[in-house]
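The values are calculated or read from the model by the stated rules, or taken from the named source; none is laboratory data. These figures come from a predicted structure and were not determined experimentally. Glycine also receives a Cβ, built like all others from the backbone with ideal geometry; neighbour counts cover every protein chain displayed. The area values use the complete protein model at the heavy-atom level, side chains included, leaving out ligands, DNA and RNA. Shrake-Rupley method; radii C 1.70, N 1.55, O 1.52, S 1.80 Å.
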Amino acid sequence: MTETPATPVSSHPGLDPASERGVGGALRALRVSKGWSLDEVAGRIKFAPRQIEALEDERWSDLPTGISLRGLIRSYARLLGADPEAIIASLEPHMRAAAPARLTQGSLHAPRGAMPTEEERSSSSWGWLIVILLVLAAAVAYGFWQGWLPTHWMPGWLTRSGQ
């Protein structure tokens, strides 16, 4: 007869059993219970093994943010037969805390795929608005020059009727 150990055995070498109590550890335990390797799971859900491992270890700085992270969690949970929405809801505080930390790590630019700040959106919007107005003004001027638009639409200071 075989004895079972009194303390839980970690399914991930180098990690203590206490780390498996989190959601990432629960996902790892589900994967291991199904006998799947990281590479097998990665092939099925089309995410890199390093991303899946980072999720299981809850290393938020190594994970994508926003929609990509939710997609990873959703796909992984569905594959394992877990409730994706419950897992996303339980990880939401971690995901929100990790996103601002990435922007303050000394980089001048937001990571690829990150939403621009209000200031960046504002200046970008003004630039496009100016470009659109210039193109529109050029089109109207060209229309008058070609005679496609009636001259009575022109402002008085541009018409030659006074000469």
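Rounded to the nearest Hz, the phi-derived 3J(HN,Hα) couplings of region 54-70 under the Karplus curve 6.51 cos²θ - 1.76 cosθ + 1.60 (θ = phi - 60°) are 5, 5, 5, 8, 6, 8, 5, 5, 8, 9, x, 10, x, 4, 4, 5, 4, where x marks glycine and proline. With contacts taken as Cα pairs under 8 Å and at least 6 residues apart, region 23-98 reaches a relative contact order of 32 percent. With every protein chain in place and a 1.4 angstrom probe, the accessible-area ranking of Leu133, Leu91, Leu30, largest first, reads Leu133, Leu30, Leu91.
Residue separation of Glu40 and Arg70 scaled by 0.36 nm, minus their Cα-Cα distance, works out to 8.8 nm of gained length. Accessible surface of region 23-98, 1.4 Å probe: 54 percent of it comes from carbon and sulfur atoms. Magnitude of the charge dipole for region 23-98, about its Cα centre and with charges confined to Cβ atoms of Lys, Arg (+1) and Asp, Glu (-1), is about 200 debye. The figure for Phe144 is an accessible area of roughly 40 square angstrom, using a 1.4 Å probe on the protein chains alone. Taking label points 7 Å from Cα along the Cα-to-Cβ direction, Arg96 and Ile130 give a separation of 3.7 nm. When every Cα-Cα distance of region 23-98 is counted in 5 angstrom steps from zero, the calculated P(r) takes the values 3, 17, 32, 30, 14, 4, 0 percent.
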